[in-house]
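**Q** I am attaching a structure below and will ask some questions about it afterwards.
The values are calculated or read from the model by the stated rules, or taken from the named source; none is laboratory data. All figures in this text were calculated on a predicted structure; none of them were measured in a lab. Positions of Cβ are backbone-derived with ideal geometry, glycine not excepted, and every protein chain shown enters the neighbour counts. Each accessible area value is taken on the protein alone, full model and side chains, heavy atoms only, with ligands, DNA and RNA left out. Shrake-Rupley method; radii C 1.70, N 1.55, O 1.52, S 1.80 Å.
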Amino acid sequence: MEYVIKNQELQVKISDFGAELCSITGKDGTEYLWQGNPAVWKDRAPNIFPYVARLTEGKYKINGKIHEMKIHGIVKYETLSPEIIKEDQITFKLESTEELKKQYPFDFIYRITYVLDGTSLKVVLSVENTGKERMYFGIGGHPGFCVPLEEGLAFEDYYLEFGKKAEPYRVGFTDACFLTGCDSPYTLEEGRILRLEHSLFDEDAIVLKHMDRKVTIKSKKGKKSVTVDCQDFPYLGIWHKPKTEAPYVCIEPWSSLPSRDGIVEEFSQQSDLIGLGAGKEYKAEWIVTVSQGV
């Protein structure tokens, strides 16, 4: 089922399946969110919890015991319950069940809140540890945005502009998208600019660390833009389906990284995972802001 929140600037649609964003529409009817295409990429904006990207052999360990879980965890495959519904805000909830604990053996409540504020959509993530032991997880988002945003422009007319100059590193991946441990400097023009070309993604995602955590998709030939602000996340994925001319780009806030190549990770020893004590709550947010060119 789809739910709608709106204000004077934006209308946003969210599905209860995966609590996934389905649409971000401006007041002039412009669609900012990728609308999915099974021939290219059927998803639009999956939510990530409790693991970011791939596990070696689809497996991991908790206290030495092997468990299995799909790419990006469990939320994107589940129907969540609406908990709070207002005109400009909605919260969805997923609680652990005995069935879910076969994949992820912790007691938890995951919540995601979408709230509008002018031309911004704030996405608030919350994880509550309702169990008696420390839990470990990664969390994030995978939204795709339309490129181009205006008629008459091309993908190559756009670039990513980071808010501040930085000297980021690109996280090293194998061809199968596991960590190599070999990260390398990733040069941005003037320390801030990455010009979009489809060939950027021929080797799959560009995942950065030590980057500025605010990035805008924009073109000097157009007026509309999308900014993603993800101050709570140390990693940023930039992606579209490799070796295609797909008309979108994903800007992905990540709290952690995938498995190391060939290693079935023990979650308690994976240093970038969030460790949350019994009875504790974790919160993080990322924000999408659109410029409607008016």
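**Q** Under a crude label model (7 Å from the Cα following the beta-carbon direction), how far is E281 from S184 in nanometres?
**A** In this crude label model, E281 to S184 measures out at 4.4 nm.
**Q** Ok, one more. Just to confirm a number: summing +1 for Lys and Arg and -1 for Asp and Glu over residues other than T56 whose beta-carbon lies under 15 angstrom from that of T56, what do you get?
**A** In short, -1.
**Q** Roughly how many Å² is the accessible area per residue of the chain, as a whole number, for a 1.4 Å probe?
**A** Dividing the accessible area of the chain by its residue count gives 45 Å².
**Q** As an exercise, identify the trypsin sites (Lys or Arg not before Pro) in the stretch 1-103 lying in DSSP coil whose Cβ has no more than 10 other Cβ atoms within 10 Å.
**A** Passing sites in the stretch 1-103 are K42.
**Q** Still on this model: Would you tell me the accessible area of R213, worked out with a 1.4 angstrom probe on the heavy atoms of the protein chains, in Å² to the nearest 10?
**A** 80
**Q** Also: How big is the antiparallel share of DSSP beta bridges in the stretch 24-110, given as a percent to the nearest 5?
**A** Bridges in the stretch 24-110 that DSSP calls antiparallel: roughly 95 percent.
**Q** The stretch 238-294: which trypsin sites (Lys or Arg not before Pro) are DSSP loop and have at most 14 other beta-carbon atoms within 10 angstrom?
**A** Those satisfying the criteria are K243, K280.
**Q** Defining a contact as two alpha carbons under 8 Å apart and six or more residues distant in sequence, what relative contact order in percent does the chain show?
**A** 21
**Q** Return the carbon/sulfur percentage of the accessible area of the chain, one whole number, probe 1.4 Å, all protein chains in place.
**A** Roughly 45 percent, rounded to a whole number.
**Q** While we're on this one: Give the dimensionless ratio obtained when the Cα radius of gyration of the stretch 11-104 is divided by 2.2 N^0.38 Å.
**A** Expressed relative to 2.2 N^0.38 Å, the Cα Rg reads 1.30.
**Q** Another question, then. Give a quick list of GluC sites (Glu not before Pro) in the stretch 104-182 that DSSP marks as loop, anything other than H, G, I, E or B, with at most 11 other Cβ atoms within 10 Å.
**A** Hits after loop and neighbour filter: E151.
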